[in-house]
Amino acid sequence: MTRKVTEDKTTGKEFDVLCVKCKLETCHKVLKSINDYWCSDDHPEYYVDGATEYQIIECQGCKTISFRSNGWFSEDDFQDGYEGNTNLYPHRSANTLPIKEFYNVPKNLRRIYREVIDSYNNELTTLCSAGLRAIIEGICSEKKIKNGLVTTITDGSGTTKEIKKSNLQGKISGLAEKGILTKNNADILHEHRFLGNEALHELVQPSMAELKLAIEIIEHVLESIFEIASKARELRERKIKRKK
C-alpha cells in the first residue's frame, strides 16, 4: 500500500458549514490542512484508494475555530452531488445545545452538567437521563436535604399521618419544604426522577425532546438556586457598603 501526505492543499479555501457557536451555516476558512491519500497498488487486480482531508477551520463571523474532516473511498457510491464523508468536531447539528457557564454552581455539579450536555449532543440518551438524576441528587446533597414529605394518609379514625422518605422523591420534596424550590419546580423535578428511573431500571429510552425540556428545567433550577442567590447576596453587600 502506498500513502502520500500533502500539507496545505486546501488552506485558504472557504465554504459554508454549520458554526458551533453561531448555530447557523456561516462562511468558514481553512487555516491549516493535511491531505492523507492512500492506494493499494500492491495488488492491481484489487486496486482501491481513498483520501481524507483534515482541516482546522475558522468561522468568518464569530471567529470560532473547530475541526473538519472530509474523506472519500473508491468503493463509495459516487452519485450526483457526492461530496465525500464529512465530520465536524465538536459534533454539531441544528439541535446542538450550548454549555451554559455557571460561576456559582458547585464544581462537582458543573462537571456533571457538562457531561449531561455532551451526552445530549452525542445522542447518548440513557447516559443523559442518568446525569440529570445525578444533578438532582447533587443539589440535595449540597443543600443537606436528607428526606422529605412524600404523602399524607388519614386512617379510619380520622388521624392524619405524614410519610417521609429518604429516597430521591423525598429529597425533592425536602427542597420545597425548606423553601429552596417552589412547589411547582419540585413537581417538575419529580418528573425528572421518573424519567431517570425508567431509563435506568426499565431500559426505556427517553426522547431527545423530553431530554431537551428536562435540561432546560435543570438549567433554570441551577440558575435560581445558585446564581440568583449569589447575585442577591452581592447586591445586599453593596447596599450595606453604600450606607456606611
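The values are calculated or read from the model by the stated rules, or taken from the named source; none is laboratory data. Note that the structure is a prediction, hence the values are computed from the model and not measured. Quick reminder, even Gly has a Cβ in these numbers, built from the backbone with ideal geometry, and neighbours come from all protein chains shown. The protein model used for the area step is the full one, side chains on, heavy atoms only, and it has no ligands, DNA or RNA in it. Shrake-Rupley method; radii C 1.70, N 1.55, O 1.52, S 1.80 Å.
Can you compute the charge dipole magnitude of the range 74-143 about its Cα centre, using +1 on each Lys and Arg Cβ and -1 on each Asp and Glu Cβ, nothing else charged? Give it in debye, rounded to the nearest 20. If you can, show how the numbers build up before the last one.
Numbers: 8 positive and 11 negative charges, 185 e Å.
In total the dipole reaches around 880 debye.
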Exercise. Taking R0 as 22 Å, what's the FRET efficiency between GLU216 and HIS190 from their Cβ-Cβ distance, rounded to 0.05?
Worked result: 0.85
Exercise. Arranged from highest to lowest average of other beta-carbon atoms within 10 Å per residue, in what order do the peptides 221-230, 83-92 appear?
Worked result: 221-230, 83-92
Exercise. What order do VAL150, VAL204 take when sorted by accessible area (1.4 Å probe), most exposed first?
Worked result: VAL204, VAL150
Exercise. About its Cα centre, how strong a charge dipole does the range 101-226 have in debye, to the nearest 20, once Lys and Arg get +1 and Asp and Glu get -1 at the Cβ?
Worked result: 620 debye
Exercise. Helix 168-177 versus the longest principal axis of the chain: what angle, 0 to 90°, nearest 10, using Cα atoms?
Worked result: 60 degrees
Problem set entry | For volume of the Cα convex hull per residue in Å³, calculated from these coordinates, the label among (1) 112; (2) 221; (3) 173 | (2)
Problem set entry | Of GLY71, GLN55, THR86, farthest towards positive along the dipole that unit charges on Lys, Arg, Asp, Glu beta carbons give the range 34-90 | GLN55
For this session: Mind checking which aspartates and glutamates have their Cα closer than 20 Å to the Cα of LYS9? Skip sequence neighbours fewer than 8 apart in that chain.
Result: ASP36, ASP49, GLU53, GLU58, GLU83
Problem set entry | Reciprocal of mean inverse Cα separation for the range 1-135 (Kirkwood radius, Å) | 17.6 Å
For this session: Could you order peptides 114-127, 179-192 by the average number of other Cβ atoms within 10 Å of their residues, highest first?
Result: 114-127, 179-192
Exercise. With contacts defined as alpha carbon pairs under 8 Å and 6 or more residues apart, what's the relative contact order of the chain in percent?
Worked result: 12 percent
For this session: Among ALA134, ILE228, PRO206, pick out the residue whose Cα is farthest towards the positive end of the charge dipole of the chain, where Lys and Arg carry +1 and Asp and Glu carry -1 on C-beta, about the Cα centre.
Result: ILE228
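Given charges of +1 on the Cβ of Lys and Arg and -1 on the Cβ of Asp and Glu, with all other atoms neutral, how large is the dipole of the range 8-110 about its Cα centre, in debye to the nearest 20? Walk me through the intermediate numbers first.
Values: 12 positive and 17 negative charges, 280 e Å.
It comes to approximately 1340 debye.
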Exercise. 222 nm [θ] for the chain, helices only, -39500 (n - 2.57) per DSSP H run of 4+, per residue, to 500?
Worked result: -12500 deg cm²/dmol
